[in-house]
Amino acid sequence: DAGVTQSPTHLIKTRGQQVTLRCSPKSGHDTVSWYQQALGQGPQFIFQYYEEEERQRGNFPDRFSGHQFPNYSSELNVNALLLGDSALYLCASTLPGQGRYEQYFGPGTRLTVT
Amino acid sequence: DQQVKQNSPSLSVQEGRISILNCDYTNSMFDYFLWYKKYPAEGPTFLISISSIKDKNEDGRFTVFLNKSAKHLSLHIVPSQPGDSAVYFCAASARYGGSQGNLIFGKGTKLSVKP
């Protein structure tokens, strides 16, 4: 059973550019969340997708947008990249409805903005 | 303002002894708590969770204790093994729109278990 997968593993972009990160959830999971983890910090919630709609959003600007596809996979898009966007971007999936709310994380995408 | 705090950035323990990692929270709406372990270059791995209706949950060598009145939880690892060396994150969530909301993480505690 494949876990959460993310692509690419690493990415280097220039300020002002746009980036798209991809995530495939764990088999059977229908909810996908995205987090940003800066160096020395815990992951910070960006947004969550369920049934192809953004269900909840953290304190991130509109430059951060996402999408969920019918097969539950998801994309995170960041426009007009800033140096401060350099971080590890984590995707997590959840199997709701069983009274347990663990989120299972992928390995992350390391984004470097120069 | 940090809603989930892990005040010890690091902890060093001898192999075979108990490791105790602590976490405090401020939001009384949190009703589900989780611990994750993270190795370098990997995503966080779920370890153990506890609902606010319980005060203890055990899974093998890992036990989580919840003290709601003190807004404090702790993770006990007994016995500690060198492979437990990693960064441990405490996370909390509250109900949101009929489901469970996003996770709020602490900054993590780096555990080193010495042979």
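A few remarks follow.
- Only listed residue being out of contact with any Cys (no Cβ under 6 Å at 6 or more places or on another chain), within 14 Å of chain A (Cβ to nearest Cβ), more than 30 Å from A:His10 (Cα to Cα) and open to solvent by 40 Å² or more (accessible area, probe 1.4 Å), chosen from B:Tyr39, B:Tyr96: B:Tyr96
- B:Asp59 in contact with a strand residue (DSSP E or B) (Cβ under 6 Å, 6 or more places away or on another chain) and either of a type in the set (D, E, K, R) or in contact (Cβ under 8 Å) with a residue 60 or more places away in the chain (or both): yes
- When residues of region A:1-27 are limited to those that are under 14 Å from A:Ala80 (Cβ atoms) and of a type in the set (Lys, Arg), the one nearest to the chain's Cα centre (by Cα): A:Lys13
Yes or no, residue by residue, for (1) in a strand (DSSP E or B); (2) open to solvent by less than 70 Å² (accessible area, probe 1.4 Å); (3) more than 14 Å from chain A (Cβ to nearest Cβ); (4) β-branched (Val, Ile, Thr):
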site	(1), (2), (3), (4)
B:Val13	yes, yes, yes, yes
B:Asn27	no, yes, no, no
B:Ile50	yes, yes, no, yes
B:Lys54	no, no, no, no
B:Ser74	yes, yes, yes, no
B:Tyr88	yes, yes, no, no
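- From the options A:Gln68, A:Gln56, residue that is open to solvent by less than 40 Å² (accessible area, probe 1.4 Å), away from chain B (no Cβ under 14 Å) and free of Cβ contacts under 8 Å to residues at least 40 places away in the same chain: A:Gln68
- Filter pass, A:Phe60 being of a type in the set (Phe, Trp, Tyr) and touching a Gly at 6+ places or on another chain (Cβ under 8 Å): no
The values are calculated or read from the model by the stated rules, or taken from the named source; none is laboratory data. The structure displayed is predicted, hence computed values, not measured ones. Reconstructed Cβ throughout: ideal geometry from the backbone, glycine too, with neighbour counts over all protein chains shown. These area figures cover heavy atoms from the full protein model, side chains too; ligands, DNA and RNA do not enter into them. Shrake-Rupley method; radii C 1.70, N 1.55, O 1.52, S 1.80 Å.
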